[in-house]
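**Q** So that we are looking at the same thing, I have put the structure below in structure tokens.
The values are calculated or read from the model by the stated rules, or taken from the named source; none is laboratory data. Nothing here was measured: the structure is a model prediction, and the numbers come from that model. A quick note on method: Cβ atoms are made from the backbone with ideal geometry, for glycine too, and the neighbour counts reach across all protein chains shown. Note: areas computed on protein heavy atoms with side chains; ligands, DNA, RNA excluded. Shrake-Rupley method; radii C 1.70, N 1.55, O 1.52, S 1.80 Å.
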Amino acid sequence: MTQATDYIAQVAADLAKRDPNQPEFQEAVSNFLGTITPVFEKHPEYIKANVLGRLTEPERAISFQVPWQDDEGNLRINRGFRVQFNSAIGPYKGGLRFHPSVNLSIIKFLGFEQIFKNSLTGLPIGGGKGGSDFTSKGKSDAEIMRFCQSFMIELQRHIGLDIDVPAGDIGVGGREIGYLYGMYKRLRGAERGILTGKGLSFGGSLARTEATGYGLLYYTQAMLKENDKDITGKRIVISGAGNVAIYATEKAEQMGAKVLTVSDSNGYVYDENGIDVAVLKDVKEVRRARLTEYAKAVPSAQYHEGSVWDADLKYDIALPCATQNEINGDQAAKFKAAGVFAIAEGANMPSNPEAIASYKANGILYGPAKAANAGGVAVSALEMGQDSRRMADSFDTVDGQLKEIMENLFANSVAAAKEYGVAGDYLAGSNIAGFVKVADAMTAQGW
Ligand code: GLU
């Protein structure tokens, strides 16, 4: 045992004791700690500064009540969160997730990942995350608006242009951001950079809607290129049917690949002709309907119940874009036989630890979420910049910057992995590259 391994083991043990009921948070930290030893061997000063102790405890974690009235006049109560994890390199930045599964463990896992993801983008943003166990599904527009207004009445005390800038995540899209911003404006004035993912008519950025999905494909393309492979003609399985999945599908098809599936929480659509992204957008973005409607609209498509990762398909690339822990070890173990040689994560932590181990054991190229899906938050930071300049950049300008950011962050992860003796391990490389910048900023600023 070296001093570094002792220290990391101690941090893990302390955390297991402190937050035993936060499995998702424990999982995210453990995935990270499992890759970071070489950095501490090279930089014992990070041990002295107890950088990991500070990084595994949020700087601030806020939990609040969100009362709202439904259309029948009943007073409903949800739980709201904002976890401000680390501000070493910039104001807290990260999305809000509205989903019934949301709890402190999930928000902390997301906030922890966000620290390193945001650092990897090369932009000056710290890590944070928030949300609620509320869901917009099945609610009227008026109910969603009242909920968002109530959420912001509390949240506004904690955010600020140079403090904390929220955005969307699962269940929070342009509609919710619009209502949240409207309430913020009534309370505090028209500070447009206070939220990102806004509508284009009030400070939003072109290409923000597309950014996570497009960025995922720019990352995948860079990862394939590094391994002398090309995306053209490849068969891709995508899970999810939200914003990330839709624009990942669109960009993959623009790059000449064929996307065979998209999925929702009940099942998946399989279309051997390739998913028709125009129909997908109509079903999900315009009609806000279930995927069964896609299958009704497209004769070549079949709808199957169950997880797409249990489907018996032959394909080359897996792009999970649904949610955390959607791929388990058994499902991952079948990838090799299905023909899969690469996986890149559009969702946050979609692969459980056994799945990640399986990719490694089978030599499958693995692009981890905090790198592969960083395009969304990267364009959020560009949106903040446009709002400060009171300017709006063109689609091509933003898209070009996004592509450059994704290529750079992939290259930086490759270089970090090489420098620390774990060449080819993109998970370790991303963790290390994201971490070193934050650790340097933390030690330079003292405590
Ligand atoms: N929720 C997105 C993520 O997981 C985007 C956050 C943002 O734009 O601030 O990175």
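**Q** In the set S63, S119, which member is touching a strand residue (DSSP E or B) at 6+ places or on another chain (Cβ under 9 Å), outside any loop (DSSP other than H, G, I, E, B) and crowded, with 23+ Cβ neighbours inside 10 Å?
**A** Only one candidate passes the filter, namely S119.
**Q** Give all pairs with beta carbons closer than 7 Å in which a residue from region 1-20 that is over 13 Å from T37 (Cβ atoms) meets a residue that is in a helix (DSSP H, G or I); count only pairs at least 6 apart in sequence or on separate chains.
**A** Hits for this filter: L15/Q26; L15/V29; A16/Q26; D19/F25; D19/Q26.
**Q** Here's another thing I want to ask about it. Given the residues Y315, Y303, which is the only one that is hydroxyl-bearing (S, T, Y), modelled with pLDDT of 95 or more and part of a loop (DSSP other than H, G, I, E, B)?
**A** Just one listed residue meets the conditions, Y315.
**Q** How many of the residues in region 122-135 are under 30 Å from G429 (Cα atoms) and open to solvent by less than 40 Å² (accessible area, probe 1.4 Å)?
**A** Number satisfying all stated conditions: 8.
**Q** Would you pick out the residues in region 199-224 that are open to solvent by 20 Å² or more (accessible area, probe 1.4 Å) and under 19 Å from G385 (Cβ atoms)?
**A** Listed by number, the residues that qualify are G199, L200, S201, F202, L206, R208, T209, E210.
**Q** Continuing with this model, one more query. So, of the residues in region 237-253 that are in a helix (DSSP H, G or I) and among the hydrophobic types (A, V, I, L, M, F, W, C), which turns out to be most open to solvent (accessible area, probe 1.4 Å)?
**A** Residue satisfying both the conditions and the ranking: V244.
**Q** For E345, work out the one condition from (1) acidic (D, E); (2) over 21 Å from the mean Cα position of the chain (by Cα); (3) within 15 Å of the ligand (Cβ to nearest atom) it doesn't fulfil.
**A** For E345, the failing item is (2).
**Q** Next question, about the same structure. How many of the residues in region 256-278 are assigned to a loop (DSSP other than H, G, I, E, B) and either under 21 Å from H99 (Cβ atoms) or open to solvent by 30 Å² or more (accessible area, probe 1.4 Å) (or both)?
**A** Count: 7.
**Q** If we keep just the residues of region 144-165 that are assigned to a loop (DSSP other than H, G, I, E, B) and either charged (D, E, K, R) or open to solvent by 50 Å² or more (accessible area, probe 1.4 Å) (or both), which is farthest from N373 (Cα to Cα)?
**A** R157
**Q** How about region 90-100: which of its residues are out of contact with any Leu (no Cβ under 9 Å at 6 or more places or on another chain), within 16 Å of the ligand (Cβ to nearest atom) and open to solvent by 10 Å² or more (accessible area, probe 1.4 Å)?
**A** Y92, H99
**Q** Go through N103, N74 for me and flag whichever is surrounded by fewer than 24 Cβ atoms within 10 Å (Cβ to Cβ), closer than 21 Å to Q22 by Cβ and either within 12 Å of the ligand (Cβ to nearest atom) or not aromatic (F, W, Y) (or both).
**A** Just one listed residue meets the conditions, N103.
**Q** Can you confirm whether F85 is touching a strand residue (DSSP E or B) at 6+ places or on another chain (Cβ under 8 Å), under 21 Å from Q445 (Cα atoms), touching a residue at least 40 places away in the same chain (Cβ under 8 Å) and buried (at least 23 other Cβ atoms within 10 Å of the Cβ)?
**A** yes
**Q** While we're on this one: Being in contact with a Leu (Cβ under 8 Å, 6 or more places away or on another chain), among the small types (G, A, S) and open to solvent by 10 Å² or more (accessible area, probe 1.4 Å) is true for just one of G138, G182, G168. Which residue is that?
**A** One residue alone meets the criteria, G168.
**Q** Condition (residue is out of contact with any Lys or Arg (no Cβ under 7 Å at 6 or more places or on another chain), more than 13 Å from the ligand (Cβ to nearest atom) and over 30 Å from F40 (Cβ atoms)) applied to region 404-424: is it met by at least one residue?
**A** Yes, region 404-424 has at least one match.
**Q** If you go through region 351-379 one residue at a time, how many are hydrophobic (A, V, I, L, M, F, W, C), part of a helix (DSSP H, G or I) and within 30 Å of P91 (Cα to Cα)?
**A** Count: 6.
**Q** Now for a different question. Kindly indicate whether G138 is assigned to a loop (DSSP other than H, G, I, E, B) and more than 16 Å from the ligand (Cβ to nearest atom).
**A** In short, yes.
**Q** Do any residues in region 139-152 that are touching a residue at least 12 places away in the same chain (Cβ under 8 Å) have Cβ atoms under 7 Å from those of residues that are open to solvent by 40 Å² or more (accessible area, probe 1.4 Å) and assigned to a helix (DSSP H, G or I), where the two are at least six apart or on different chains, and which pairs are they?
**A** Final answer for the pair search is I144/R175; I144/Y179; M145/Y179; C148/Y179; Q149/Y179.
**Q** Identify, please: which residue in region 225-235 is in contact with a helix residue (DSSP H, G or I) (Cβ under 8 Å, 6 or more places away or on another chain) and open to solvent by 20 Å² or more (accessible area, probe 1.4 Å) and is, among those, nearest to the ligand (Cβ to nearest atom)?
**A** That would be E226.
**Q** May I ask you to list the residues in region 327-339 that are in a loop (DSSP other than H, G, I, E, B) and either in contact with a helix residue (DSSP H, G or I) (Cβ under 6 Å, 6 or more places away or on another chain) or closer than 13 Å to I356 by Cβ (or both)?
**A** Once the filter is applied, which keeps residues that are in a loop (DSSP other than H, G, I, E, B) and either in contact with a helix residue (DSSP H, G or I) (Cβ under 6 Å, 6 or more places away or on another chain) or closer than 13 Å to I356 by Cβ (or both), region 327-339 yields only N328.
**Q** Looking at region 380-403, which of the residues that are part of a helix (DSSP H, G or I), hydrophobic (A, V, I, L, M, F, W, C) and more than 9 Å from L206 (Cβ to Cβ) is farthest from the ligand (Cβ to nearest atom)?
**A** Across region 380-403, the extreme among qualifying residues is L402.
**Q** What are the pairs, 6+ residues apart or on separate chains, where a residue within region 418-447 that is over 21 Å from K48 (Cβ atoms) and β-branched (V, I, T) has its Cβ under 9 Å from a residue that is part of a helix (DSSP H, G or I) and open to solvent by less than 70 Å² (accessible area, probe 1.4 Å)?
**A** Taking only residues 6 or more apart or on different chains, the pairs are V422/P38; V422/A416; V422/A428; V422/G429; V422/I432.
**Q** In addition: Working only within region 354-364, note down all residues that are open to solvent by 30 Å² or more (accessible area, probe 1.4 Å) and of a type in the set (A, V, I, L, M, F, W, C).
**A** A357, A361
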